[in-house]
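Undergrad: Here you go, one structure.
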Amino acid sequence: MKNKSNTTALWAWGLVLVVLGSIIGMAIASSSAPVAGPVENAELTVSEPSWDFGNVPMSKGIAVKSISLANDSSVPIAVTSLETSCMCTTAQIVHPDGSKSGLKGMIGHGGGSSSLSETIPAGETAVLLVNFDPNAHGPAATGPITRTVTMRTNSQSQPEIRLTFSGNVIK
Ligand SMILES: [Cu+2]
């Protein structure tokens with residue numbers, strides 16, 4: 001009797017280990033898998049690759065611009081990195097369901113990471129929110145500015161998307 005239940009218990013543990021092992025194996029495989037791509041015949045249509053904020057009063061705080069990123073192709077497109085040219089500027093991808101990517105800024109000495117794994121499914125139009133803080137450089141920093149926001153994608157024909165904006169910071 002004792003032997004039989006021991007054998008059964010051994011088999012049960014063996015089964016648990018096999019199941020656990022395959023679950024862990026799959027998790028490792030999916031987390032270390034490279035982001036799919038590059039993909040062909042897939043591009044994001046950017047509503048405004050460049051824009052001018054015009055006068056940006058310090059008193060009104062952060063200026064925000066919404067840029068649409070339309071995936072009109074038939075395959076998902078991955079945005080693999082996002083960064084800005086200066087610490088006064090941040091950017092974030094927002095999906096139609098309201099879910100958001102991490103907020104990304106300038107990548108400096110030891111500061112943050114530009115890497116992202118944000119998928120824009122076929123047929124989806126996501127929004128890139130770009131925030132410019134006219135107060136980030138202190139009260140004396142008035143005058144014209146130019147900044148860039150750079151995204152990398154797994155599209156073969158569109159590995160990098162660079163947006164540029166200008167503005168004039170006033171008191
Ligand atoms: Cu700046």
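One line per residue, one yes/no per condition, for (1) within 11 Å of the ligand (Cβ to nearest atom); (2) of a type in the set (Gly, Ala, Ser); (3) outside the structural domain of Ser50 (by TED's automatic domain parsing):
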residue	(1), (2), (3)
Asp97	no, no, no
Lys100	no, no, no
Ser117	no, yes, no
Pro121	no, no, no
Thr125	no, no, no
Asn131	no, no, no
His137	yes, no, no
Arg147	yes, no, no
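Condition check ((1) under 14 Å from the mean Cα position of the chain (by Cα); (2) assigned to a strand (DSSP E or B)) across all residues:
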| residue | (1), (2) |
| --- | --- |
| Ser113 | yes, no |
| Val127 | yes, yes |
| Asn131 | no, yes |
| Thr146 | no, yes |
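Undergrad: Please state which of the following conditions Gly167 fails to meet, knowing it meets all the rest: (1) within 16 Å of the ligand (Cβ to nearest atom); (2) closer than 25 Å to Glu43 by Cβ.
TA: In the conditions (1) within 16 Å of the ligand (Cβ to nearest atom); (2) closer than 25 Å to Glu43 by Cβ, Gly167 misses (2) alone.
Undergrad: Please go through (1) under 16 Å from the mean Cα position of the chain (by Cα); (2) assigned to a strand (DSSP E or B); (3) within 14 Å of the ligand (Cβ to nearest atom) for Met106 and return the number of the only condition it doesn't satisfy.
TA: Of everything listed in (1) under 16 Å from the mean Cα position of the chain (by Cα); (2) assigned to a strand (DSSP E or B); (3) within 14 Å of the ligand (Cβ to nearest atom), Met106 misses just condition (2).
Undergrad: Test of understanding: among Ile120, Ile62, which residue is crowded, with 17+ Cβ neighbours inside 10 Å and on the phi < 0 side of the Ramachandran plot? Talk me through it step by step, then tell me what you get.
TA: Details: Ile62 fails: crowded, with 17+ Cβ neighbours inside 10 Å.
Just one listed residue meets the conditions, Ile120.
Undergrad: Additional query: Hey, can you tell me all the residues within the stretch 132-157 that are out of contact with any Gly (no Cβ under 7 Å at 6 or more places or on another chain), buried (at least 17 other Cβ atoms within 10 Å of the Cβ) and within 30 Å of Ser73 (Cβ to Cβ)?
TA: Arg147, Val149, Thr150, Met151, Arg152, Thr153, Ser155
The values are calculated or read from the model by the stated rules, or taken from the named source; none is laboratory data. Remember, it's a predicted structure, so these values are computed and weren't measured experimentally. Note that each Cβ is placed from the backbone with ideal geometry, even for glycine, and that neighbours are counted across all protein chains shown.
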